[in-house]
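Notes follow once the structure below has been shown.
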Amino acid sequence: MAEASSDILEVEGEVIGNISAEGTQSRIRVLQSGTVSGDIEVATIIVNGHVKGDLHASELIELAAKAVVEGN
């Protein structure tokens, strides 16, 4: 399940596929219960869950304590 507010996408469940957004305000947060199987390309990425793919951020990548990233 993914919930979007005006400027951030929060992933609480499972997403299969790539996620991308343009603009310096684009942000994604993969919560501890969230899994993304695909590449993520947005301005700011915050991971506390599991990502199986590459991370591409123009502003910031933050890995929290429970983050697992299988990719570059």
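Here are some notes:
- Shape call, the chain: gyration tensor on alpha carbons, a/c limit 1.5: rounded
- In the chain, the DSSP beta bridges split such that about 10 percent are antiparallel, to the nearest 5.
- Counting only protein heavy atoms and a probe of 1.4 Å, the accessible surface of the chain is 46% carbon and sulfur.
- Mean separation of Cα contacts under 8 Å (6+ apart) over length of the chain, as relative contact order %: 24
- Heavy atoms of the protein chains alone define the surface here; on that basis the chain has 59 Å² accessible area per residue at 1.4 Å probe size.
- In this rough spin-label picture, where each label sits 7 Å from Cα along the Cβ direction, the Asp7-Gln25 distance is 0.7 nm.
The values are calculated or read from the model by the stated rules, or taken from the named source; none is laboratory data. For clarity, every value in this text was computed on a predicted model and none was experimentally measured. Quick reminder, even Gly has a Cβ in these numbers, built from the backbone with ideal geometry, and neighbours come from all protein chains shown. Keep in mind that these areas ignore ligands, DNA and RNA; they rest on the heavy atoms of the full protein, side chains included. Shrake-Rupley method; radii C 1.70, N 1.55, O 1.52, S 1.80 Å.
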